[in-house]
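Read the structure below first, then the notes.
The values are calculated or read from the model by the stated rules, or taken from the named source; none is laboratory data. Note that the coordinates shown come from a computational prediction; the quantities given were computed from them, not determined experimentally. So basically every Cβ, Gly included, is an ideal-geometry build from the backbone, and we count neighbours across all protein chains shown.
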Amino acid sequence: MIEIMHTPQHPALVFASKEWESLAAQYGHLWKDYPRFKAVHIGTWSQIIEHGISPKLEQALQEGASERLPSSYWLETSVKEERIIVSGKTEQSTLYAVYDAFRQFAGVNWIYPGEAPALSEPAAAACEGKLFEPWFDRRGFVIENLHDPEYILQMIDWNAKNRVNEIFFTFMLWDKIKEDMAPEIEKRGMQLTLGGHSMKFFLNRQEADAQHLAANPYHAKNQLDYADLTWQEPFFQQVANYCADAPQLARLSLWPEDLPAGDNKEFLALYISFIERLQRHMQRTLPHIVFEHIAYNAGLAWNMLELGETSASSQIDTLLAYWGRDYRHPFHASPSGDDRRAEAAIKGWSEAAQAQERKLSIFEYYSDHFMYSALFPSIPTRIIEDAAYYREIGAAGMTNLIVPCPGYPDYNWKWAAGFNSYVFSRAVWGDSKEQILQDYYSYYGEEDRSIAKLWKETVEHEAAGVTAWNFPLFPGRVVDVRKFRDNEEHRGEVIALLQNMIAKLTEAYGLATISLEQSSIGANMRHLIAQAEACLQAWLKPPHA
């Protein structure tokens, strides 16, 4: 039987019970002790304790930290009492507990959105009672301009199964997909964030739509004048009216246009004050919404990233996004002076946010094909080490940007980015690299795992080098050869990078089995080799040829 505690009829709890029934029917046979259980209790901590179902949970909460993060949950199995207790601090985290019970005890791993789960040896046989808590309160994916409703629906489902609690859209995208996405977000109790580079959605809808549909949407024409107050109150009311009926809306994160602010030293302070005024206006009708500003080096503008003389806000949170990083290295070991300067900025914002009792979140680009290009690297080590570092300096959240890779019809960019996304979803819970990768490689047949692992490691070691050139070659990348082929300063180094990448990837691919050749990872390896070769040939052409 399944015993469900309703709050009352909370959508996420109702959905959690249905998901349990479905998973038990499909994978219950993989859970060694599952046939011995006669009751499954699904409910929030307060409900479980109120009904006296789990004295162990009550004791653990009394003895542990005074305040647990909302995504925390409890798993307890008792063969003796013939019952399972699946319970979260909130209704949403109760759903996480449902999915994680089948990952822990039945070896069910949701690796890629829209695909059947991979099956592995269960991580545990039983759990007499254990609390699970994430490293970060906020764990989200950002989708700015990818109008692909089928994929986004798959991502929403995958997010919940991998304990991701936020999905972030621009207003332009949300307006096109909200009818289909809202019910799926709501029944999972997922947090919705709206914003991004969306100011023109309210100020100039025609221009906003044109940017949204552009192959490269990051080309706003003018930065907004935040010192001019005349346009702001009507703007605030438009935003408030639009947000009034957005389900699960938890946060507004509106950003400036995606271009540098010139030599305006007051720009960041003026923009922060603008978001503070927006918050005060909307608190009248939507007091539950969290507001944040972004600190982001648009166009490599340091005065939009560094705190400098700007005072940190005591009213709103901070989202920090550093573009152009060399992802081969942790910040402290990077050969790039820009990366070390960015690290100082991150630490400065973290200290300032804590002093103001506000929260800092980090915006990362692990699944961004615009930054990484079609030479997309797998970077599990960097993601996992980054999560530990950001937690150490006091960040409360991490988000990861997904940007598509158009123009390559035979390239499955979603699959390529999906690996980094999977690692991110696990790293923000503090899962070890060993456990994350062990679960990931269950995606492959046992006879193929060692070669698949070699391939992924080769891609990590070789392709990540392309990120070292995003700052030096800005606004282009290694693949944007026409812009830089006559750049003798960097030409030889880029050629050497590509030659080494081709040699290492080709050598690794030579070990392919038939099944791997025919799989997504085989296609991905061939794509990387072909693109690196094409890029190399373009760089080898004489300047001005």
- Task: Only residues that are surrounded by fewer than 22 Cβ atoms within 10 Å (Cβ to Cβ) and either part of a helix (DSSP H, G or I) or under 23 Å from the mean Cα position of the chain (by Cα) (or both): list them for the stretch 485-503, please.
- Result: Glu488, Glu489, His490, Arg491, Gly492, Glu493, Ile495, Ala496, Gln499, Asn500, Ile502, Ala503
- Specify which of the listed residues (Ser432, Ser515) is polar (S, T, N, Q), surrounded by fewer than 18 Cβ atoms within 10 Å (Cβ to Cβ) and assigned by TED's automatic domain parsing to the domain that holds Asp326. Ser432
- Go through the stretch 46-60 and count every residue that is of a type outside the set (Gly, Ala, Ser), surrounded by fewer than 18 Cβ atoms within 10 Å (Cβ to Cβ) and not in a loop (DSSP other than H, G, I, E, B). 6
- Note on the structure: the stretch 393-481: helices (runs of 4 or more DSSP H) wholly inside it with 3 or more residues that are closer than 29 Å to Gly195 by Cα are 413-427
- When every residue in the stretch 27-45 that is in contact with a helix residue (DSSP H, G or I) (Cβ under 9 Å, 6 or more places away or on another chain) and part of a helix (DSSP H, G or I) is compared, the one nearest to Ala106 (Cα to Cα) is Leu30
- Go through Ala387, Ala353, Ala374 for me and flag whichever is in contact with a helix residue (DSSP H, G or I) (Cβ under 6 Å, 6 or more places away or on another chain), surrounded by 21 or more Cβ atoms within 10 Å (Cβ to Cβ), of a type in the set (Gly, Ala, Ser) and part of a helix (DSSP H, G or I). Ala387
- Task: Tell me, yes or no, whether the stretch 83-102 has at least one residue that is farther than 22 Å from Val428 by Cα and out of contact with any strand residue (DSSP E or B) (no Cβ under 6 Å at 6 or more places or on another chain).
- Result: no
- Message: I want to confirm something. Restricting to the stretch 286-304 and keeping residues that are surrounded by fewer than 22 Cβ atoms within 10 Å (Cβ to Cβ) and closer than 19 Å to Glu357 by Cα, which single residue is farthest from the chain's Cα centre (by Cα)?
- Response: Pro287
- Query: If you check every pair at least six apart or on different chains, which have Cβ atoms under 6 Å apart with a residue in the stretch 420-438 that is farther than 15 Å from Gly140 by Cα first and a residue that is among the aliphatic types (A, V, I, L, M) second?
  - Reply: Lys433/Ile384; Ile436/Val423
- Item | Residues (more than 20 Å from Ile167 (Cα to Cα) and touching a Pro at 6+ places or on another chain (Cβ under 8 Å)) located in the stretch 385-424 | Glu385, Asp386, Tyr389
- Scan Leu307, Leu319, Leu278 and give me the residue that is more than 23 Å from Asp228 (Cα to Cα) and either crowded, with 21+ Cβ neighbours inside 10 Å or in contact with a strand residue (DSSP E or B) (Cβ under 9 Å, 6 or more places away or on another chain) (or both). Leu319
